[in-house]
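Written below as structure tokens is the structure these notes are about.
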Amino acid sequence: MPPPTMTVAQPVRKQIVEWDAYTGRLEPVDFVEVRARVGGYLQSIHFDEGQIVNKGDLLFVIDARPFVAELNSAEAALSQSKSQLQQTKAKLLEAKAQQQQSAAQLQLAEARVKRARSLEGQNAIAPEELDQREAEFLQAQADVAASKAAASSAEAAIATAAAAVESAEAGVEAAQLNVDYTNIHAPITGRISREYANQGNLISGGTAQSTLLTTITSVEPIYCTFDANEQQVLKYVRLAKSGARKSSREAKNPVFLGLVDETGFPHQGHMDFVDNRLDANTASMRARCIFPNEDQLLLAGMFARIRIPGSAGYEAVLIPDSAIGTDQSSQFVYIVVDGKIERRAITPGPIVDGLRVIRKGLTGDESLVIEGLLQARPEMEVKTKDGTIEVVEDGLPDDYQPLPPDEWIEKSDDVQQESEKDDK
């Protein structure tokens, strides 16, 4: 029989990046459960369900009358405390004046008793008068001590009154906060959910179990989380240690995303977070990437196809899967050398641009049998005809670099700014 005809082609050699495939779920950057900080009667609602709300927009109003009454009472208590403080200050001034008067009386009594004692040595004063001068001197000393005690008491009363003023001011501030909390504003910009509590209900507030009023999810940017198994994690760690690929913990490696109804991966973002341990139940590690979502097409809860770089850019040998044979122990291809079939063992890699990456076994200069594989046998003489290997571009780049800081996607800081505002 004449030699069979085999279709042969030279393997494709091109620069590639191995883009690892994962299925991720979209999650909002910020998700807020809107709960009241005070309880009361839900007086009014000021948003349309499902609309985009901006940070600071008024959402709910709780009846503020009980809290206004508490504020008025606290302000009255503050005024009373300030009046008591002024009164104690006046008493201190009075005590100091009395202290000065007592000191003057002591000085006069001391002068009189000294004069009386000198006259006694000359027998020029009656003993009864000397006793009277001694008694006046002792009384003046007692008056001085009493005036000092009164001044000390007045100073202590001032400290007590000042503390009472500070306590009253704190009460006013707390009451004012409760009044302010009756107006519930949007803490972030995002899409609001439905009303979980209708107008007219009595709601609770101020605790983690407070009545849930609604929820808000941010829409721009958006996260996509996925899980990498232990084998993939080890691959990334070894690549980082060898310097072939920077770790996504340290660099913002690019990520491409496609939705279920999209061809290719039109959405580009970058890695944002890698967890610190593998989950003991699934033996996988959670990672997260971030995308701008300017058109708000990406919605929280959606599944997405994502591609992350699994290698650095390098020149690879690519062949179609149809040219690969498999036996029980290995995979192989047939090549034509001097008109004869030769079997060559190979080590295949992932699919890139519709073709299989060959890690070992081919250099890219061979005449590879791409059709008629079932008829081929080693050492068989064959005729050949030229064929072509088609490359189907997947839209992913053949090289990449980690994103520089000026291209990083900024996260929303609405919640952080609101927290800083509350602290002030």
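The values are calculated or read from the model by the stated rules, or taken from the named source; none is laboratory data. Treat the numbers as computed from the prediction; the structure is a model and nothing was measured. Note that each Cβ is placed from the backbone with ideal geometry, even for glycine, and that neighbours are counted across all protein chains shown. The protein model used for the area step is the full one, side chains on, heavy atoms only, and it has no ligands, DNA or RNA in it. Shrake-Rupley method; radii C 1.70, N 1.55, O 1.52, S 1.80 Å.
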Exercise for the section: Just need log10 I(q)/I(0) for the range 1-78 at q = 0.25 Å⁻¹, Debye formula, equal scatterers on the alpha-carbon atoms, no solvent, rounded to two decimals. Expected result: -1.27
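Could you tally up the Lys pairs in the range 35-155 with alpha carbons closer than 22 Å? Skip any pair fewer than 8 positions apart unless they're on separate chains. Don't skip to the end; give the middle numbers.
Details: 82/91; 82/96; 89/148; 91/148; 96/148.
The number of close lysine pairs in the range 35-155 is 5.
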Exercise for the section: Measure nothing fancy, just the Cα-based angle from helix 65-121's long axis to the longest principal axis of the chain, in degrees from 0 to 90, nearest 10. Expected result: 40 degrees
Completion exercise
So, with points 7 Å from each Cα along the Cβ direction, the residue 329-residue 43 label distance in nm works out to 8.6 nm
Handout entry: Separation in nanometres of the label points that stand 7 Å from Cα toward Cβ, at residue 276 and residue 118
Key = 8.7 nm
Problem - Rg followed by Dmax, in Å, when the range 309-359 is reduced to its Cα trace - result: 12.5, 41
Practice task
Roll a 1.4 Å probe over the protein chains and send me the accessible area per residue for the range 186-337 in Å².
Solution key: 50 Å²
Exercise for the section: Report the far tail of the P(r) of the range 195-279, meaning the percent of Cα-Cα pairs longer than 22 Å. Expected result: 54 percent
Fill in the blank from the handout: Taking protein heavy atoms only, a 1.4 Å probe, and rounding to whole percent, the accessible area of the chain owed to carbon and sulfur comes out at 48 percent
Fill in the blank from the handout: Taking placed amide H atoms and a strict 5 Å upper bound, the residues 5 or more places from residue 313 or on another chain that come that close are 400
Completion exercise
Between the residues 150, 93, 54, the Cα farthest towards the positive end of the dipole of the chain, that dipole coming from +1 and -1 charges on the beta-carbon of Lys, Arg, Asp and Glu, is from 150
Problem - Principal-axis tilt of helix 127-181 within the chain, Cα atoms, nearest 10 degrees - result: 30 degrees
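On full extension of the chain, what length is gained from residue 177 through residue 212, given 0.36 nm per residue of separation minus the C-alpha to C-alpha distance?
Values: separation 35, 0.36 × 35 = 12.60 nm, distance 2.01 nm.
This chain segment gains 10.6 nm when fully extended.
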Practice task
Compute the long axis of helix 230-242 from its Cα atoms, compare it with the longest principal axis of the Cα atoms of the chain, and write down the angle in degrees, 0 to 90, nearest 10.
Solution key: 80 degrees
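Find the relative contact order for the chain and round it to a whole percent, using C-alpha pairs within less than 8 Å whose residues are 6+ positions apart.
Working: 816 pairs, mean separation 123.9, N = 424.
Across the chain, relative contact order equals 29 percent.
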Completion exercise
Along principal axes, largest first, the alpha-carbon spread of the range 366-414 in whole Å comes out as 72, 19, 18
Fill in the blank from the handout: Stretched fully, the stretch from residue 351 through residue 142 gains (0.36 nm per residue minus C-alpha distance, one decimal, in nm) 64.8 nm
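Taking the chain, how much of its Cα-Cα pair set, in percent, is spaced more than 41 angstrom apart?
Values: 49794 of 89676 pairs.
More than 41 Å apart: 56 percent of the Cα pairs in the chain.
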Completion exercise
The farthest towards the positive end of the charge dipole of the range 8-87, of the residues 26, 40, 66, given +1 on Cβ of Lys and Arg and -1 on Cβ of Asp and Glu, is 26
Problem - Estimated distance in nm for a label pair at residue 294 and residue 377, the labels positioned 7 Å out from Cα along Cα-to-Cβ - result: 6.4 nm
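Of the cross-linked pairs 246/411; 14/252; 235/340, which ones have a Cα-Cα span greater than 30 Å in the structure shown?
On the way: 246/411 22 Å; 14/252 25 Å; 235/340 39 Å.
From the list (246/411; 14/252; 235/340), the Cα-Cα distance tops 30 Å for 235/340.
If you take the beta carbon distance between residue 25 and residue 82 as r and set R0 to 35 Å, what does 1/(1 + (r/R0)^6) give as a FRET efficiency, to the nearest 0.05? Intermediate values should be presented prior to the final figure.
Values: r = 59 Å, r/R0 = 1.68.
Step by step, r from the Cβ atoms, then E = 0.05.
Rounded to the nearest 5, what is the percent of antiparallel bridges among the DSSP beta bridges in the range 286-396? Display every interim value, and only then the final one.
Details: 18 of 18 bridges.
So the antiparallel bridges in the range 286-396 amount to around 100 percent.
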Completion exercise
Counting only DSSP beta bridges with both partners in the chain, the antiparallel fraction in percent, to the nearest 5, comes to 95 percent
Completion exercise
Per the helix-only model, the chain has a calculated mean residue ellipticity at 222 nm (DSSP H runs of ≥4, -39500 (n - 2.57) each, divided over all residues, rounded to the nearest 500) of -11500 deg cm²/dmol
Handout entry: Residue of 328, 268, 231 that the Gaussian network model of the chain assigns the largest fluctuation, springs spanning Cα pairs under 10 Å
Key = 328
Fill in the blank from the handout: Descending packing, highest mean Cβ count within 10 Å first, for 95-107, 43-55 is 95-107, 43-55
